[in-house]
Amino acid sequence: MPRIRVMVDPDLCIGAASCVTIAPETFQLNEENKAWVFDHGQEPEGHTYERWLEVTDDEKENVILAAQSCPTLAIFIFDEEGKQLFPEV
Amino acid sequence: MKYFIIGGGVAGTTAAEELRKRDASSEITILSEEHHPLYSRVLLPHYIKGKIPRERVFLKRDTWYAQQNIEWIDGVLATHLDGRNKFVGGSDGREYSYDKLLIATGGETRSIEEDLRGVSYCRTLNDADQFLQLLTEQGKTTRGAVYGGGFIACEYINFFAHFQIPITLAHRGEHFWTRNLLPETGKLIAKHLIKNNVDLHPNSILERLEGDKELEGFVTSTGRYAATILGIGIGIEPDFSWIREAGVEVGTGVKANEFLETNIPDVYTAGDIAEFDDPITGRQLQIGNWMNAMTQGRIVAKSMSGERTSFQIVSSYATNVLGLEIIFVGDVERAAAEEIQVIGSIEEGGITQVFERDGRVVGGVLIGRNTDRTPITKAIQERRSFREISSSFS
Ligand SMILES: Cc1cc2nc3c(=O)[nH]c(=O)nc-3n(C[C@H](O)[C@H](O)[C@H](O)COP(=O)(O)OP(=O)(O)OC[C@H]3O[C@@H](n4cnc5c(N)ncnc54)[C@H](O)[C@@H]3O)c2cc1C
Ligand code: SF4
């Protein structure tokens with residue numbers, strides 16, 4: 001299964017919640033109206049804006065779709081080698 | 001098959017992208033009034049406040065269109081539609097034929113009658129550039145003012161505050177969002193603005209501008225105010241004339257069913273311009289937010305390419321004004337609600353209004369109460385009543 005690193009920049013996030021609608025298992029809004037990153041609905045080691053996820057190809061597609069839906073491009077996704085998958089550079 | 005899309009915003013561009021994914025060979029054309037490739041309007045405030053450089057607002061490069069084999073015609077307005085012979089007339093004098101047409105023309109800003117240098121709007125990247133240009137020219141002599149009481153007014157307040165420019169705010173209504181907010185909730189926002197040194201003037205109708213070429217001030221029914229930049233945020237007013245003439249049914253927006261089909265065969269609509277049947281809240285809605293526009297773009301592409309799909313999503317708009325969080329979820333029209341439940345108070349610094357119709361929750365306005373969002377969104381999706389969820393609020 002692919003491993004990806006998912007990161008939300010809280011400074012850019014405005015709580016539009018598109019990501020939450022598309023990938024609720026990965027993104028949930030916190031009290032400050034910013035998106036925490038979850039691991040399959042869980043938060044091992046507590047709240048965070050950044051974590052490694054082990055995902056199936058379909059799940060990876062969906063997380064990328066969620067990132068694409070973010071109107072402020074606040075979500076960054078990297079692959080195992082550290083290559084930025086989204087936003088495309 | 002020839003797909004023709006009017007409007008290159010997020011709804012139109014997402015539709016084009018999805019159509020291409022579903023169909024590698026059809027002709028796809030986007031006709032766009034603006035010269036820029038797709039950019040995020042939601043990022044314009046971040047750009048103005050210097051949080052991101054200008055190039056970061058773009059979501060597509062201009063080479064993307066050719067790569068996707070999508071014809072992108074910029075700088076041209078659709079001005080005519082013939083739904084029987086299936087063609088669109090452009091401001092370039094050309095006629096464009098189509099098999100399937102998408103109207104995704106968004107929400108043109110309503111403007112005031114007069115214009116002077118210093119009057120500012122906030123819809124497009126060009127608007128944002130112009131605002132920054134004015135600030136640079138005026139520097140420390142800037143006197144900021146805002147006319148309006150909605151989302152764009154909030155943005156202007158935040159811009160001026162960011163640059164430490166004194167702010168005068170005038171709006172027509174008793175308080176912000178009179179169609180959505182109860183007086184108590186309106187008062188909460190007003191108190192917050194006044195506490196943060198905004199010179200606030202409700203019940204003010206704009207009468208005229210002052211100044212020769214450059215703005216010096218403006219006069220409303222409640223007084224005269226100095227201003228060198230006046231940000232206008234008084235809603236949207238799209239040009240429906242050519243759409244209406246074609247026989248397309250128009251209300252506050254272009255009317256459509258839940259599949260985003262208009263009353264004219266093979267003519268579809270999506271995004272801010274669409275007034276669509278919403279099966280979730282059981283009413284026709286017109287919604288102006290990013291998630292709605294983007295998802296409708298994706299859904300309408302399915303319908304256009306043969307897989308008729310119902311649009312069903314509870315979307316929201318979240319913003320803040322000088323640190324006070326504001327969230328609108330679902331159907332928040334006061335006039336269309338049968339009951340509005342109120343949680344919180346001015347004293348507590350936060351109020352949530354829960355809108356109910358036919359015994360179930362259809363919408364919510366949350367001021368300073370972010371955590372109410374999840375239960376309300378869920379209640380709307382699951383068609384529950386306020387009573388069933390009331391224990392989730394503290
Ligand atoms: C400053 C600002 C901040 C915002 N902040 C948020 C936010 O925080 N959260 C949120 O959810 N939403 C926000 N929004 C709203 C969001 O950006 C819109 O809902 C979304 O962009 C609508 O997309 P659209 O494709 O329907 O329309 P648009 O983006 O308006 O695109 C329509 C395009 O069609 C063109 N057009 C119009 N008529 C014609 C014609 N006759 N012929 C050819 N082209 C035509 C227009 O020029 C425009 O380029 C904000 C908007 C603004 C302006
Ligand atoms: S879509 Fe973007 S802005 Fe919205 S909550 Fe997710 S990360 Fe934040």
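A crude spin-label estimate for the pair B:Lys213 and B:Arg179, with each label 7 Å from Cα along the Cβ direction, gives 3.8 nm.
Centre-to-centre separation between the Cα atoms of region B:337-353 and those of region A:62-84: 36 Å. With R₀ fixed at 60 Å, the C-beta to C-beta distance from B:Glu237 to B:Ala24 puts the FRET efficiency at about 0.95. Set against the 2.2 N^0.38 Å expectation for a compact globular protein, region B:84-190 has a Cα radius of gyration ratio of 1.48. Residue-wise HN-Hα couplings along region B:195-208, as the Karplus relation 6.51 cos²θ - 1.76 cosθ + 1.60 with θ = phi - 60° gives them from phi, are 4, 9, 6, 7, 7, 9, 10, x, 6, 10, 9, 5, 9, 7 Hz; Gly and Pro carry x.
Counting only protein chain heavy atoms and rolling a 1.4 Å probe, the accessible areas of B:Arg84, B:Arg143 rank, largest first, as B:Arg84, B:Arg143.
Less than 5 angstrom separates the built amide H of B:Trp72 from those of B:Ile30, all sequence-distant by 5 or more or on a different chain. Charge dipole (Cα centre; +1 on Lys/Arg Cβ, -1 on Asp/Glu Cβ; no other charges) of the protein assembly as shown amounts to roughly 520 debye. For region A:3-86, a/c is less than 1.5, where a ≥ b ≥ c are the root eigenvalues of the C-alpha gyration tensor. That puts it in the rounded class. Percent antiparallel among DSSP beta bridges with both residues in chain B, to the nearest 5? In chain B, DSSP labels about 60 percent of beta bridges as antiparallel.
Rounded to the nearest 5, the antiparallel percentage of DSSP beta bridges internal to region B:171-323 is 80%. Farthest towards the positive end of the charge dipole of chain B, among the residues B:Gly359, B:Thr14, B:Ser97, is the Cα of B:Gly359, using unit charges on the Cβ of Lys, Arg, Asp and Glu.
Equivalent-ellipsoid semi-axes for the protein assembly as shown (Cα gyration tensor, √(5λ), whole Å, largest first): 33, 30, 24. Ligands, DNA and RNA aside, B:Arg61 has an accessible area near 150 Å² when probed at 1.4 Å. Applying 0.36 nm per residue to the separation of B:Thr136 and B:Ser221 and subtracting their alpha-carbon distance, the gain on full extension is 27.5 nm. The residues packed around B:Leu285, meaning those with a beta-carbon under 9 Å from its beta-carbon, carry a net charge of -4 if Lys and Arg are +1 and Asp and Glu are -1. Under 9 Å from the Cβ of B:Glu237, count the other residues' Cβ atoms, weight Lys and Arg +1, Asp and Glu -1, and hand me the total. Net local charge, B:Glu237 excluded: -1. Legend: residues B:Asp199, B:Asp358, B:Asp272, sorted from most to least accessible area (1.4 Å probe; ligands, DNA and RNA excluded), read B:Asp358, B:Asp199, B:Asp272. Counting only other chain Cβ atoms within 10 Å of each residue's Cβ, the peptide A:17-28 averages 3. Each residue, A:Val89 and B:Lys191, gets one label point 7 Å from its Cα in the Cβ direction; the gap between the two is 4.8 nm.
By its C-alpha gyration tensor, with a ≥ b ≥ c as the square roots of the eigenvalues, how is region B:316-392 shaped: rounded for a/c under 1.5, else prolate for a/b larger than b/c, else oblate? Cα axes put region B:316-392 in the prolate bin. The spacing between region B:1-57 and region B:89-165, judged by their C-alpha centroids, is 18 Å. Summing +1 for each Lys or Arg and -1 for each Asp or Glu among the other residues whose beta-carbon sits under 12 angstrom from that of B:Pro375 gives +1. Surface analysis of the protein assembly as shown yields an accessible area of 44 Å² per residue, using protein heavy atoms and a 1.4 Å probe. Give the shape of chain B as rounded, prolate or oblate, defined through the alpha-carbon gyration tensor: a ≥ b ≥ c are the square roots of its eigenvalues, a/c under 1.5 means rounded, and otherwise the shape is prolate if a/b is larger than b/c and oblate if not. Oblate, because a/c is 1.5 or more while a/b does not exceed b/c.
Of all DSSP bridge pairs formed entirely within region B:109-233, close to 35 percent run antiparallel.
When the accessible areas of A alone and B alone are added and the area of the pair subtracted, with a 1.4 Å probe, the result is around 1700 Å², both sides summed.
Helical runs assigned H by DSSP (4 residues or longer) give the protein assembly as shown a calculated mean residue ellipticity at 222 nm of -6500 deg cm²/dmol, each run adding -39500 (n - 2.57) before division by the residue total.
The values are calculated or read from the model by the stated rules, or taken from the named source; none is laboratory data. These numbers come from a predicted model, not from an experiment. FYI the Cβ positions are ideal-geometry reconstructions off the backbone, even for glycines, and counts take in every protein chain you see. These area figures cover heavy atoms from the full protein model, side chains too; ligands, DNA and RNA do not enter into them. Shrake-Rupley method; radii C 1.70, N 1.55, O 1.52, S 1.80 Å.
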